[in-house]
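As structure tokens, the structure follows; a few thoughts come after it.
The values are calculated or read from the model by the stated rules, or taken from the named source; none is laboratory data. All figures in this text were calculated on a predicted structure; none of them were measured in a lab. Neighbour counts run over all protein chains shown; Cβ positions are idealised from the backbone, glycine included.
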Amino acid sequence: MKKIKVDAMGDQCPIPVIKTKKALKEITETTLVEVHVDNEIAVQNLSKMAKQKNLEYKCEKLEEQHYIIKINAEAEGVSIQQKAPAENDKEICYPDRKSNTVVVLSSNQMGNGSEELGQILMKGFIFALTELDELPSTVLLYNSGVKLSTEGSNSIEDLKTLQAQGVEILSCGTCLNYYDLTEKLQVGDVTNMYFILEKMAQADKIIRP
């Protein structure tokens, strides 16, 4: 049996799950995917993912802060790889992934409590957006959320990844002016409150982290 190692040591949620999903998509034969993580939360998330996909798995604790989740990926690999991708798949797949969903980022951090933790969670949330099977149509940023699209943000590349796949990235002009960030916008376009309201009113679904 072929074996693949996924190194997710030191990675925070949701990166271990995303790395594992990518590995599963690439296999072409019966494969044992071994995922190395350093925390129990990652073990729980990976176990849940394996259950959802009806894949056999088991978990081992090698030492303190070192776990291995072993996933038998036979069914996943065969089902995914039976049809070879066309050469131009990358050119045609993006439009099919978008939905009329608007993501609203009204802060540069997620949740209440620790500011540092909130910023870590927000970075993870935006990265997870890039990995969704169905991408949102628009990401709206206002209040301190505009700090995510401007110079110094550690989410610029993830937002650019979304933009490259046809997702609108729109930052509130009034908010950019308030934080003196107008000249530091790195991704997307400037918008106004009327357009923000219009986008939200027309959306099939709104996601607020």
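Only one of the numbered conditions (1) modelled with pLDDT under 50; (2) exposed (fewer than 10 other Cβ atoms within 10 Å of the Cβ) is violated by C93, and that is (2).
If I go through segment 116-148 residue by residue, how many of them are touching a Lys or Arg at 6+ places or on another chain (Cβ under 8 Å), free of Cβ contacts under 8 Å to residues at least 60 places away in the same chain and more than 13 Å from S99 (Cα to Cα)?
Adding up the residues that qualify gives 0.
Taking each residue of segment 54-67 that is surrounded by 12 or more Cβ atoms within 10 Å (Cβ to Cβ) and looking for partners that are assigned to a loop (DSSP other than H, G, I, E, B) and at pLDDT 90 or above with beta-carbon atoms closer than 8 Å, six or more apart or interchain, yields Q65/D38; H66/M9; H66/D38; Y67/D38. Put simply, of L185, L181, L197, L176 the only residue that is surrounded by 17 or more Cβ atoms within 10 Å (Cβ to Cβ) and either without any contact (Cβ under 8 Å) to a residue 24 or more places away in the chain or within 22 Å of the chain's Cα centre (by Cα) (or both) is L185. Among the conditions (1) in contact with a Cys (Cβ under 8 Å, 6 or more places away or on another chain); (2) modelled with pLDDT of 90 or more; (3) buried (at least 17 other Cβ atoms within 10 Å of the Cβ), V102 misses just one, which is (1).
Of all the criteria given as (1) part of a helix (DSSP H, G or I); (2) modelled with pLDDT of 95 or more, the one not satisfied by A50 is (2).
Only one of the numbered conditions (1) closer than 22 Å to I120 by Cβ; (2) touching a residue at least 12 places away in the same chain (Cβ under 8 Å) is violated by Q44, and that is (2). Residues in segment 1-47 that are over 18 Å from the mean Cα position of the chain (by Cα), among the hydrophobic types (A, V, I, L, M, F, W, C) and in a strand (DSSP E or B): I4, L32, V33, V35, V37. Scanning segment 8-41 for residues that are among the aliphatic types (A, V, I, L, M) and more than 15 Å from F125 (Cα to Cα) returns A8, M9, A23, L24, I27, L32, V33, V35, V37, I41.
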